[in-house]
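Reading through the structure tokens given below for one structure.
What follows draws every value from the coordinates through simple rules; no lab data is involved. Since the structure is predicted, the reported quantities are computational estimates derived from the model, not experimental observations. Glycine gets a Cβ as well: all are built from the backbone with ideal geometry, and neighbour counts include every protein chain shown.
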Amino acid sequence: MTINETLTMTAFMLAPAFFSLLGLAALGSPIIALLGELTARFQGKVFYDKYGQQTATMGVLLTLLTIIVEIVGLAVAYIKFPNLFQEWITANSPFAGAGIAMVLFLFFSVTYSLTWKRLRPYKIIHTIIGIGAASAAIALIILGIFPKLTVAGSEEVLPQIVHSILAPLTGMYLILTVAAAAGLSCLYLVFRRKKDDFGRDYYNFALKLASRWALFFSIPFLGCQSWLFLALPQTIQTIVLGTPLGLVWGVGAVLTLICILIWGGLARSQSPLQLKGLTLVTFILMWLMHTMNVTVFVNFMMMI
């Protein structure tokens with residue numbers, strides 16, 4: 001693949017990667033919200049609970065948007081690939097487990113968000129619902145990655161490659177869902193500041209908290225990317241390093257590092273609201289980073 005072909009493919013991946021990132025953030029939002037709720041209980045600070053509530057609400061909004069996009073995508077798949085579409089929706093579909101996890105996620109995540117105030121006197125029940133939402137999100141990632149690999153790959157080379165990359169790829173996306181949710185919540189907090197007027201002190205606190213959690217989960221995300229490369233067969237490693245695909249992968253890692261540095265600055269700032277423009281910058285960088293990752297993933301599917 002030439003550099004022009006790589007750039008063209010990367011440009012085509014911008015729109016799918018945008019909605020994919022929002023979908024991942026939707027899955028990670030209940031996990032971040034649950035962390036906020038549990039931290040509020042153990043530390044006795046209401047700000048953690050407020051942040052958890054806002055993040056849970058963000059997750060529901062992102063989920064609704066993702067559902068709309070998925071419906072459009074399924075409609076297009078039905079029109080262009082009717083036979084393949086019918087295989088996907090049968091009881092024996094490789095995506096059946098992920099579909100069940102998706103239904104459970106929708107139920108638990110929406111219930112978790114809508115009952116935040118109503119179940120405040122019954123924290124244990126609400127926490128259990130949050131654990132259900134977080135567990136369903138994790139199950140959806142785990143059950144969804146393997147079918148994507150098996151549907152795309154060839155039967156001859158698939159088993160050895162899948163077994164080598166399944167663990168690092170799954171770990172990478174599990175961590176990315178949480179990092180994306182925390183990172184996107186920074187921007188969400190800025191947009192909701194005037195509508196949810198919890199005070200300047202809260203938003204300074206919440207921005208620092210969200211930045212810390214986005215930073216915290218982005219570091220192992222980079223580690224999983226290194227693990228994924230090392231897990232690739234030697235032939236594919238050589239192809240990656242010898243083509244512009246290696247540059248795409250490297251640029252994605254650099255963009256992640258820049259996000260980490262920005263989140264570190266926001267987390268250490270005494271007045272992160274004065275740096276609120278950086279929340280938009282990190283979102284754009286995450287989008288571009290994920291575009292690079294999607295481009296690499298699509299190329300992997302072509303190779304196997």
* To do: Treating the angle as unsigned and between 0 and 90°, give the value, to the nearest 10°, between the Cα long axis of helix 244-268 and the longest Cα principal axis of the chain.
  => 10 degrees
* How about residue 123: which lysines have a C-alpha closer than 20 Å to its C-alpha, ignoring those fewer than 8 places off in the same chain? -> 45, 50
* To do: With θ set to phi - 60°, apply the Karplus curve 6.51 cos²θ - 1.76 cosθ + 1.60 along region 210-216 and write out the HN-Hα couplings as whole Hz, x wherever there is a Gly or Pro.
  => 4, 5, 4, 5, 5, 5, 4
* To do: Enumerate the calculated ³J(HN,Hα) couplings along region 168-183 in order (Karplus 6.51 cos²θ - 1.76 cosθ + 1.60, θ = phi - 60°), each rounded to whole Hz, writing x wherever the residue is Gly or Pro.
  => x, 5, 5, x, 4, 6, 4, 5, 5, 4, 6, 4, 5, 5, 5, x
* To do: Measure nothing fancy, just the Cα-based angle from helix 46-80's long axis to the longest principal axis of the chain, in degrees from 0 to 90, nearest 10.
  => 30 degrees
* Structure fact -> Counting Lys and Arg as +1 and Asp and Glu as -1 over every other residue whose Cβ sits under 14 Å from the Cβ of residue 131, the net charge comes to +1
* Structure fact -> The answer for residue 276, listing residues at least 5 apart or on another chain whose modeled amide H is closer than 5 Å to its amide H, is none
* Asked: Once both axes come from the Cα atoms, what is the angle between helix 96-114 and the longest principal axis of the chain, in degrees from 0 to 90, rounded to 10?
  -> 20 degrees
